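Written out below as structure tokens is the structure these notes cover.
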């Protein structure tokens with residue numbers, strides 16, 4: 001083994017724990033918190049659009065259009081670097097949560113709305129025949145069925161969000177990828193360190209994929 005390869009292996013061994021630790025301490029919490037708030041937004045927007053609540057329908061449609069039509073990285077830059085110019089200064093963590101939550105909310109609302117619309121129209125009619133209001137029918141009959149339909153794509157969104165959090169490095173949030181960048185700046189080994197970061201992301205997403213499969217099986221059985 002030549003000196004070059006020995007040096008690379010040493011760097012990879014030394015950097016693995018710091019990068020993994022950053023992933024567990026910063027990337028994972030950022031993902032979970034952003035997804036949680038994003039789901040609240042997604043359900044609210046989807047319900048507003050499905051029920052055609054006119055005072056807010058135009059507003060939420062505009063929100064979904066803006067978020068889906070512009071790059072997430074640009075949105076993060078506007079929140080973190082742009083807002084301070086009008087007197088609104090947020091730290092990197094809060095900025096990242098806002099940006100990712102709004103993104104999850106916009107895309108998730110379309111998934112949930114499609115799941116709700118996939119429930120047969122007869123279910124609505126049966127609920128109305130039982131004397132339930134539109135919101136009661138939605139809560140007790142439609143949403144439980146729609147959630148089962150929405151779980152696979154929403155699980156995919158969660159896995160995608162784990163990877164998207166790497167964009168937070170661009171607004172100085174010290175997550176997994178930025179730690180890899182910091183070590184790269186000291187060692188000048190971008191290829192191997194970025195491959196190591198990619199491997200750690202792959203580890204996280206592989207675990208989530210297994211959990212997703214089990215979740216789908218569980219809900220699939222419950223729907224039989």
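Quick look at the values:
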| quantity | calculated |
| --- | --- |
| Helix axis angle, 3-22 relative to the chain longest principal axis, alpha carbon, degrees | 40 |
| Helix 28-51 axis, angle to the chain major axis (alpha carbon atoms, nearest 10°) | 20 |
| The stretch 3-222, relative contact order in percent, only Cα pairs under 8 angstrom and at least six apart counted | 30 |
| Entry for percent of Cα pairs over 24 Å apart (calculated from the structure that is shown) out of (1) 42; (2) 55; (3) 38 | (2) |
| Choice from 78, 86, 32 with maximal GNM fluctuation in the chain (Cα, 10 Å cutoff) | 86 |
| Fluctuation leader among 62, 100, 37 - the chain, Gaussian network, Cα springs under 10 angstrom | 62 |
| With Cα atoms, 0 to 90° folded angle of helix 143-164 axis to the chain main axis | 20 |
| For the chain, calculated [θ]222 nm from helices alone, where every DSSP H run of n ≥ 4 adds -39500 (n - 2.57) | -26000 deg cm²/dmol |
| Residue exposure sequence - 26, 63 - by fewest surrounding Cβ within 10 Å | 63, 26 |
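Quick note: the coordinates plus some simple rules give every number you see, no bench work behind them. Quantities reported herein were computed from a predicted structural model and do not represent experimental measurements. When we count neighbours, we look across all protein chains shown, and the Cβ atoms used for this are built from the backbone with ideal geometry, even at glycine.
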